[in-house]
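Participant: For reference, the structure I am asking about is given below.
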Amino acid sequence: MEKTQAMRALEGKRIPYEALTYPDDMRDAEEIAIMLDLPPEQVFKTLVVLPPESSKKPMLVMLPAHRQLDLKKLAAATGAKKLKMATHREAEELTGLQVGGISAVALLNKGFAVLIDQSAQVQSHVCISAGKRGLQLRLAVADLIKLTNARSVDVAEE
């Protein structure tokens, strides 16, 4: 298995992880959770959110597979007036990664604000994208938050 940027970042910091594979044509996080036989609250997707000011970097928001992002809650949590989801094309252009393979760990030191839904706090480990489709990384929530400097926020809705 070829190492991704995210795997190299974790190894460089001596953070233990487990790599899990699934068919790389799958993009839906809930389906991936089922395929990996994991509860959806342990598989986190990463969404790219754009601030209204083009001078500000986009945000990477991680939330459980079975939840949706509440943009109003996110705006309130970040002090932004209005936020919008990046289109698939915008997300790929901004991150250099394919939708379905966007990973905050693969984008360290790229200037993105990283946020994680507070529901992660009740999990010991979560799965996130390894930076490419078909590959997830299972790691400790505490390690993920520390490495990405993620801010815990209440932004998910059923």
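The values are calculated or read from the model by the stated rules, or taken from the named source; none is laboratory data. Since we're looking at a predicted model, the values are computed, not measured. Virtual Cβ from ideal backbone geometry, glycine too; neighbours counted across all protein chains shown.
Participant: If I go through region 65-82 residue by residue, how many of them are in contact (Cβ under 8 Å) with a residue 24 or more places away in the chain and either closer than 20 Å to GLU158 by Cβ or not hydrophobic (A, V, I, L, M, F, W, C) (or both)?
Facilitator: Going through region 65-82 one residue at a time, the tally reaches 12.
Participant: Cβ-Cβ under 9 Å, sequence separation 6+ or interchain: first residue in region 98-117 and at positive phi, partner hydrophobic (A, V, I, L, M, F, W, C) and surrounded by fewer than 20 Cβ atoms within 10 Å (Cβ to Cβ). Which pairs?
Facilitator: Correct list of pairs: GLY100/MET26.
Here's the yes/no breakdown for (1) of a type outside the set (Asp, Glu); (2) assigned to a strand (DSSP E or B):
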| position | (1), (2) |
| --- | --- |
| GLU2 | no, no |
| ALA19 | yes, yes |
| LEU38 | yes, no |
| THR46 | yes, yes |
| LYS57 | yes, no |
| MET62 | yes, yes |
| HIS66 | yes, no |
| ARG89 | yes, no |
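Participant: For region 51-76, give me each residue that is among the aliphatic types (A, V, I, L, M) and under 19 Å from ALA29 (Cβ atoms). Break it down stepwise before answering.
Facilitator: So in region 51-76, the residues among the aliphatic types (A, V, I, L, M) come out as 59-63, 65, 69, 71, 74-76.
Within region 51-76, MET59, LEU60, VAL61, MET62, LEU63, ALA65, LEU69, LEU71, LEU74 meet the criteria.
Participant: On to the next question. Could you tell me whether LYS81 is assigned to a loop (DSSP other than H, G, I, E, B), at pLDDT below 95 and over 19 Å from THR4 (Cα atoms)?
Facilitator: Numbers: assigned to a loop (DSSP other than H, G, I, E, B): yes; at pLDDT below 95: yes; over 19 Å from THR4 (Cα atoms): yes.
Here the answer is yes, as LYS81 does meet what is asked.
Participant: Would you say VAL114 is part of a strand (DSSP E or B), among the β-branched types (Val, Ile, Thr) and surrounded by 13 or more Cβ atoms within 10 Å (Cβ to Cβ)?
Facilitator: yes
Participant: Scan region 12-30 and give yes if some residue there is within 18 Å of VAL61 (Cα to Cα) and modelled with pLDDT of 95 or more, otherwise no. Write out each step before concluding.
Facilitator: Applying the first criterion (within 18 Å of VAL61 (Cα to Cα)) to region 12-30 yields 27-30.
Imposing the further condition that a residue be modelled with pLDDT of 95 or more reduces the set to none.
No; the residues of region 12-30 include none that is within 18 Å of VAL61 (Cα to Cα) and modelled with pLDDT of 95 or more.
Participant: Let me ask something else. Of all residues being more than 14 Å from the chain's Cα centre (by Cα) and assigned to a loop (DSSP other than H, G, I, E, B) in region 92-111, which is surrounded by the fewest Cβ atoms within 10 Å (Cβ to Cβ)? Just the residue, please.
Facilitator: ASN109
Participant: In addition: Of everything in region 117-133, what is surrounded by fewer than 17 Cβ atoms within 10 Å (Cβ to Cβ) and part of a loop (DSSP other than H, G, I, E, B)? Give them in sequence order.
Facilitator: GLN123, SER124 - these are the residues of region 117-133 that are surrounded by fewer than 17 Cβ atoms within 10 Å (Cβ to Cβ) and part of a loop (DSSP other than H, G, I, E, B).
Participant: Next question, about the same structure. Are there any pairs, at least 6 apart or on different chains, whose C-beta atoms fall under 9 Å, with the first in region 17-42 and within 22 Å of ALA156 (Cβ to Cβ) and the second in a loop (DSSP other than H, G, I, E, B) and among the aromatic types (Phe, Trp, Tyr), and if so, which?
Facilitator: Taking only residues 6 or more apart or on different chains, the pairs are GLU31/TYR22; ILE32/TYR22; MET35/TYR22; LEU36/TYR22.
Participant: Further, regarding this structure: Could you list, in sequence order, all residues of region 112-130 that are under 11 Å from the mean Cα position of the chain (by Cα) and not hydrophobic (A, V, I, L, M, F, W, C)?
Facilitator: Within region 112-130, ASP117, SER129 meet the criteria.
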